[in-house]
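Q: Could you have a look at this structure, given as structure tokens, before my questions?
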Amino acid sequence: MSLPQRVRLVEVGPRDGLQNEKQPISVADKVRLVDDLSAAGLGYIEVGSFVSPKWVPQMAGSAEVFAGIEQRPGVTYAALTPNLQGLEAALAAGVKEVAVFAAASEAFSQRNINCSIAESLKRFKPLMDTARQHGVRVRGYVSCVLGCPYEGEVAAEQVAAVAGELQAMGCYEVSLGDTIGVGTAGGVRHLFEVVGRHVPRERLAGHFHDTYGQALANIYASLLEGIAVFDSSVAGLGGCPYAKGATGNVASEDVLYLLQGLGIETGVDLPRLIETGQRISRVLGRESASRVARARAHLE
């Protein structure tokens, strides 16, 4: 299969990246991060999530962040909303697109959201109905698609069943997440081959963590399967609080460098993206986790 000519990057740094940070990050710093990402040419940014601050304290100011950002025409500013209450808060903040998440592993679902996969999908029904009434698009995430910290291997057929349910409910796109980063290129190709029989590949996305250093290889394998949407996080921010030792999402800068090398269009400016990652890393008091950003910094 030939590679896609254009890829859409879904930037999850402001939400998935920052949500696990221990130190408080100001609303002003979050607004600056989102505005910098927009200016770098990213067309889809996950700005925050509307969840109980008791569970994810770092996301407490999401409504203020939405109020403070400069919303550029043509850019999607999305939020994660795990339930109807979260969706209602997002609607009040003027959010036009939201995301919901389910797990492909029963054990992960129980430990992460305290219910079975079937129950979690059932809970989304009122959310989906309300989103539809308000003309809000919903994107779905499936976590632990290539392995679970509690169950080990996860069958591709199980992932396909959950992804198919999310699509049937009305998710226009389903992002498959390797939450603990154990996937390899062969497993990724098999995954998309199986899930692609239930959900068209143009409605699937890849979300890879770099725990085992395989994220870029897995993205290349996904491209070979015709996948043209990838989630990534500037400066490689983030991990997973429910997956011990799982490192951050793959760095947006590194994904962009790979895609540029393959002649694939993204509309994103690499030097500006590197600058954005370095700025938020300074706020966090550490070096960017992006290999490309580090290499470029040593060249300067």
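Q: Going from most exposed to least, what order do GLU21, GLU165 have by accessible area with a 1.4 Å probe?
A: Order by accessible area, largest first: GLU165, GLU21.
Q: Considering only protein heavy atoms and a 1.4 Å probe, what is the carbon-and-sulfur percentage of the accessible area of region 113-162?
A: 50 percent
Q: Also: If I stretch the segment between TYR212 and ARG72 completely, what's the gain in nm (0.36 nm per residue apart, minus their alpha carbon distance), one decimal?
A: My answer for the length gained is 46.8 nm.
Q: Another one. If you filter region 77-183 for trypsin sites (Lys or Arg not before Pro), then keep DSSP loop positions with at most 15 other Cβ within 10 Å, what is left?
A: LYS96
Q: Assuming R0 = 22 Å, can you tell me the calculated FRET efficiency for the pair ILE264 and ARG291, based on Cβ-Cβ distance, to the nearest 0.05?
A: For ILE264 and ARG291, the calculated efficiency is 0.75.
Q: With label points built 7 Å along Cα→Cβ from the Cα atoms of GLN5 and GLN85, find their separation and express it in nm.
A: 4.8 nm
Q: Evaluate the relative contact order of region 3-117 (contact order divided by residue number), counting alpha-carbon pairs under 8 angstrom at least 6 apart; express in whole percent.
A: That works out to 23 percent.
Q: Counting only C-alpha contacts under 8 Å and six or more residues apart, can you give the relative contact order of region 177-273 as a whole percent? Mind showing how you got there, number by number?
A: Numbers: 146 pairs, mean separation 27.3, N = 97.
For region 177-273, the relative contact order is 28 percent.
Q: Right, another one. Name the trypsin sites (Lys or Arg not before Pro) in region 171-235 that are in a loop by DSSP and that have at most 13 other C-beta atoms within 10 Å, would you?
A: Values: sites: ARG189, ARG197, ARG201, ARG203; in loops: ARG197.
Here the sparse-neighbourhood loop sites are ARG197.
Q: Using unit Cβ charges (K, R positive; D, E negative) and no other charged atoms, how large, in debye to the nearest 20, is the dipole of the chain about its Cα centre?
A: It comes to approximately 280 debye.
Q: Moving on. What residues qualify as long-range amide H neighbours of CYS115, i.e. H under 5 Å apart, gap of 5 or more or another chain, H built at 1.01 Å from N?
A: Amide H neighbours of CYS115, under 5 Å, 5+ apart: GLN110.
Q: Relative to the present Cα-Cα distance, how much length would full extension add between HIS298 and ARG272 at 0.36 nm per residue of separation?
A: Extending this stretch completely gives an extra 7.7 nm.
Q: With r defined as the distance between the Cβ atoms of LEU224 and ARG132 and R0 fixed at 30 Å, what FRET efficiency is calculated, to the nearest 0.05?
A: 0.30
Q: Same structure, new question: Using a 1.4 Å probe and ignoring any ligands, DNA or RNA, find the accessible area of LEU216 and quote it in Å² to the nearest 10.
A: 60 Å²
Q: Then there's this: Considering Cα pairs under 8 angstrom that are at least six residues apart, work out the relative contact order of region 8-297 and quote it in whole percent.
A: Relative contact order comes out at 18 percent.
Q: Whole Å is fine, so just give me how far the alpha carbon centre of region 166-212 lies from that of region 275-300.
A: That distance is 29 Å.
Q: Over the Cα atoms, compute the radius of gyration (one decimal) and Dmax (the largest Cα-Cα distance, rounded to a whole number) for region 135-260, in Å.
A: Rg then Dmax for region 135-260, in Å: 13.5, 40.
Q: So with the 1.4 Å probe, I'd like the accessible area per residue for region 206-295, rounded to whole Å².
A: I get 38 Å² per residue for region 206-295.
The values are calculated or read from the model by the stated rules, or taken from the named source; none is laboratory data. The structure displayed is predicted, hence computed values, not measured ones. Please note: Cβ atoms are built from the backbone with ideal geometry, for glycine as well, and neighbour counts cover all protein chains shown. Remember, those area values only see protein heavy atoms, side chains included, never the ligands or the DNA or RNA. Shrake-Rupley method; radii C 1.70, N 1.55, O 1.52, S 1.80 Å.
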